[in-house]
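The values are calculated or read from the model by the stated rules, or taken from the named source; none is laboratory data. Since this is a predicted model, take the numbers as computed values, not measurements. With ideal geometry, Cβ positions are generated from the backbone for all residues, glycine too; neighbour counts draw on all protein chains shown.
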């Protein structure tokens, strides 16, 4: 096998030259043809250099909202100094003799894309063979290079090339148009959180490629909040990957089942379920069964490379819209750092890059330090993030969950209202909006369910003062 790999392959690289020529000809005779294929192929998908140059000129014209025809393409090639490179005006005019209409341009584009993908896989395979023989880098880095490259090829992710401002503006306006068209069809591009006020603050919900940090002290309910967000994302027909380093998939499933008040946690865990409880489990299972939530809980998922690998795998299957990770403090890298602070900074940087690479929001839970025994407990702040490193810098959103009544059941707001069965989410950072905003939410007695604050009551977030209290609870 190795001898076969080492042999020089003299086979012709995959290509579809006739299809390429047909595409170029169709673009020159039909100014609307480009819209049929702009999402299918790019200039680097062409095998023939001449066709690649002409198609690049077409892309540039489209980014400037210019008409695409023989005259404008020729002018664009002249301005780029590329007209002679394609054989001059005569060679360009000859391209139109290949076709009589643009009716089959989409079909031809799909053929060209398939051949381009095959060439990229051949090139990638060659690089992997070289890296494996040379062994100039750790094998896990070679594996990650392969995974990332395969994901880019299969999802059409952009290369490392820069783009012009004109192209960026075109991407922005196209995105706005796409969002509006989806809204008119009843499709929401944002990912709902299940809390109406939080959705409003985030302009509809979570969006790619944001890195969202949810911080909280022990027992504040970070995992339950993460599950709440994950469930509501799935209820909106989004694909969810929940990476659970601390808990098993079965334990997380238990939490979702126990949202039904008819089911006792004690009975579920000790085998004392009644017939009515089994009926409730059947009903709750039916409600949850078809939700698109995948849970990764293996003992090796704690390593950042394995998290990225699983996320890329799900993305290649078109089954990833949002990624949850529980939680930051348990993630490891298999690398040596001078301090844990530096390692945490590396992890958050890698997860931010992953969000951009896969174009999905990443929700990362993070544990805050427990206040010293007997010390005043204040509301969480950015500096409370454990081993903060670059967490604040990398994060697009930082949310803190805080439940005042956990520390003092008698604590009230400045208007005298009890904090019992209430909590708040503190928006400590929001790159695209206001920070230091508080979102009040309600929950049941056992913090199994989270829901909107009662709209019949005054808006507490604008009326309560910051409350300080002493942690007198036993350590656990």
Single condition residue 31 does not satisfy, out of (1) in a loop (DSSP other than H, G, I, E, B); (2) within 17 Å of residue 107 (Cα to Cα)
(2)
Counting just the residues of the stretch 441-450 that are in contact (Cβ under 8 Å) with a residue 60 or more places away in the chain and either surrounded by 13 or more Cβ atoms within 10 Å (Cβ to Cβ) or within 13 Å of residue 193 (Cα to Cα) (or both), which one comes out nearest to the chain's Cα centre (by Cα)?
450
Failed condition for residue 231, given (1) within 19 Å of the chain's Cα centre (by Cα); (2) more than 28 Å from residue 429 (Cβ to Cβ), with all others met?
(2)
If residue 437 satisfies all but one of (1) closer than 16 Å to residue 453 by Cβ; (2) surrounded by fewer than 16 Cβ atoms within 10 Å (Cβ to Cβ); (3) in contact (Cβ under 8 Å) with a residue 40 or more places away in the chain; (4) touching a strand residue (DSSP E or B) at 6+ places or on another chain (Cβ under 8 Å), what's the number of the condition it fails?
(2)
Can you find even one residue in the stretch 188-196 that is modelled with pLDDT of 90 or more, outside any strand (DSSP E or B) and at positive phi?
yes
If we keep only residues of the stretch 69-78 that are assigned to a helix (DSSP H, G or I) and under 39 Å from the mean Cα position of the chain (by Cα), then the residue surrounded by the fewest Cβ atoms within 10 Å (Cβ to Cβ) is 72
First in the stretch 193-212 and free of Cβ contacts under 8 Å to residues at least 12 places away in the same chain, second anywhere and part of a loop (DSSP other than H, G, I, E, B), Cβ under 9 Å, 6 or more apart
199/190; 199/192; 199/193; 199/205
